[in-house]
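Peer 1: My questions will all concern the structure given below.
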Amino acid sequence: MNDRPLIYQLLDNPLSGAEIEERSFSCIDTEAPAHDFSAEEWQVVRRLIHTTADFAMAELIRFSPQAIRSACTALKQGAAIYVDSNMIRSGLSLPRLQQLNRGYSREAILCHVADEDVAEEAKETGLPRSLFAIRKAGKQLDGGIVLIGNAPVALLELNRMAVEENIRPALVIGMPVGFVHVLESKEELMDTGLPYIVLSGRRGGSPLAVAALHALCGIAA
């Protein structure tokens, strides 16, 4: 170890958090391979790369036509936001959302996975809580934005609701992570006709779903 701890390099040449983020994005733009993303799509992709330090995000992400436009319109209108985990709910930036619509609040972000009735149904049936949680949201999902970063079963149920009940969110961010039901839930979503941003393959997670929505907030602002 150096005699002088490395933190002094930062203290001698101060950089704010915003400046570090800007420099990080500059590094991504410089190091990223050639791509065919639109300027708006690249803002989403770049945010996912920034979150993971993994350029593979650019190879995995999929956008449906008009997905970004649909999401931006919904956000400005204060559309309902449904999330499949309280981690996403906690991670979403209220200042970013309220910049687009003052009506957004933490309590207004829908997440039913910890509700007592949902937990009881899951216990009685032996099925995951995520299924009953998104089913409980029902028609509130119409015209809203759905973030799935954890539970592929929630995405499978949403796909069914779209086909059988004509539930039509303005955007589905489909980024469940894992090994069971993950691939097929994403592939099925892309066949439903719903607007989507999907991270194909097994990768995903709540931080990536949050990052995608934050990028959309920046585009809509």
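The values are calculated or read from the model by the stated rules, or taken from the named source; none is laboratory data. Given the structure is predicted, the values throughout are model-derived calculations rather than measurements. Cβ placement follows ideal geometry from the backbone for every residue including glycine, while neighbour counts extend to all protein chains displayed.
Peer 1: Scan the range 103-141 for residues that are without any contact (Cβ under 8 Å) to a residue 24 or more places away in the chain and basic (Lys, Arg) and jot them down.
Peer 2: Looking only at the range 103-141, we keep the residues that are without any contact (Cβ under 8 Å) to a residue 24 or more places away in the chain, and these are 105-107, 115-126, 129, 132.
ARG106, LYS123, ARG129 - these are the residues of the range 103-141 that are without any contact (Cβ under 8 Å) to a residue 24 or more places away in the chain and basic (Lys, Arg).
Peer 1: Only one of GLY205, GLY144, GLY149 is touching a residue at least 40 places away in the same chain (Cβ under 8 Å) and more than 24 Å from GLU59 (Cβ to Cβ). Can you tell me which? Show your work before the answer.
Peer 2: Numbers: GLY205 fails: more than 24 Å from GLU59 (Cβ to Cβ); GLY149 fails: more than 24 Å from GLU59 (Cβ to Cβ).
Result: GLY144 is the single residue among GLY205, GLY144, GLY149 that is touching a residue at least 40 places away in the same chain (Cβ under 8 Å) and more than 24 Å from GLU59 (Cβ to Cβ).
Peer 1: Return a yes/no flag: does the range 17-36 have any residue that is assigned to a loop (DSSP other than H, G, I, E, B), surrounded by 17 or more Cβ atoms within 10 Å (Cβ to Cβ) and at pLDDT 95 or above.
Peer 2: Taking the range 17-36 first, the residues assigned to a loop (DSSP other than H, G, I, E, B) are 32-36.
This time we only want the ones that are surrounded by 17 or more Cβ atoms within 10 Å (Cβ to Cβ), so: none.
Within the range 17-36, not a single residue is assigned to a loop (DSSP other than H, G, I, E, B), surrounded by 17 or more Cβ atoms within 10 Å (Cβ to Cβ) and at pLDDT 95 or above.
Peer 1: While we're here: Taking only pairs six or more apart or across chains, which ones have beta-carbon atoms under 8 Å, a first residue in the range 67-93 that is assigned to a loop (DSSP other than H, G, I, E, B), and a second residue that is polar (S, T, N, Q)?
Peer 2: Listed by first residue and then by second, the contacts come to GLN77/ASN101; GLY78/ASN101; ALA80/GLN140; ASP84/SER130; ASP84/ASN150; SER85/ASN150; SER85/SER206.
Peer 1: Looking at the range 37-49, which of its residues are surrounded by 11 or more Cβ atoms within 10 Å (Cβ to Cβ), part of a helix (DSSP H, G or I) and free of Cβ contacts under 8 Å to residues at least 60 places away in the same chain?
Peer 2: Hits for the range 37-49 are GLU41, TRP42, VAL45, ILE49.
Peer 1: Could you tell me which of the residues ARG106, ARG89 is of a type outside the set (Ser, Thr, Tyr) and either buried (at least 16 other Cβ atoms within 10 Å of the Cβ) or within 19 Å of GLY205 (Cα to Cα) (or both)?
Peer 2: Working: ARG106 fails: either buried (at least 16 other Cβ atoms within 10 Å of the Cβ) or within 19 Å of GLY205 (Cα to Cα) (or both).
Criteria check complete, one pass: ARG89.
A quick yes/no check of all residues on (1) crowded, with 21+ Cβ neighbours inside 10 Å; (2) at pLDDT 95 or above:
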| site | (1), (2) |
| --- | --- |
| ALA162 | no, yes |
| GLY193 | no, yes |
| SER206 | yes, yes |
| ALA221 | no, no |
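Peer 1: Mind checking which residues of the range 119-154 are among the β-branched types (Val, Ile, Thr) and surrounded by fewer than 20 Cβ atoms within 10 Å (Cβ to Cβ)?
Peer 2: If we filter the range 119-154 for residues that are among the β-branched types (Val, Ile, Thr), which is where we start, we get 125, 134, 145-146, 148, 153.
Correct list: THR125 only.
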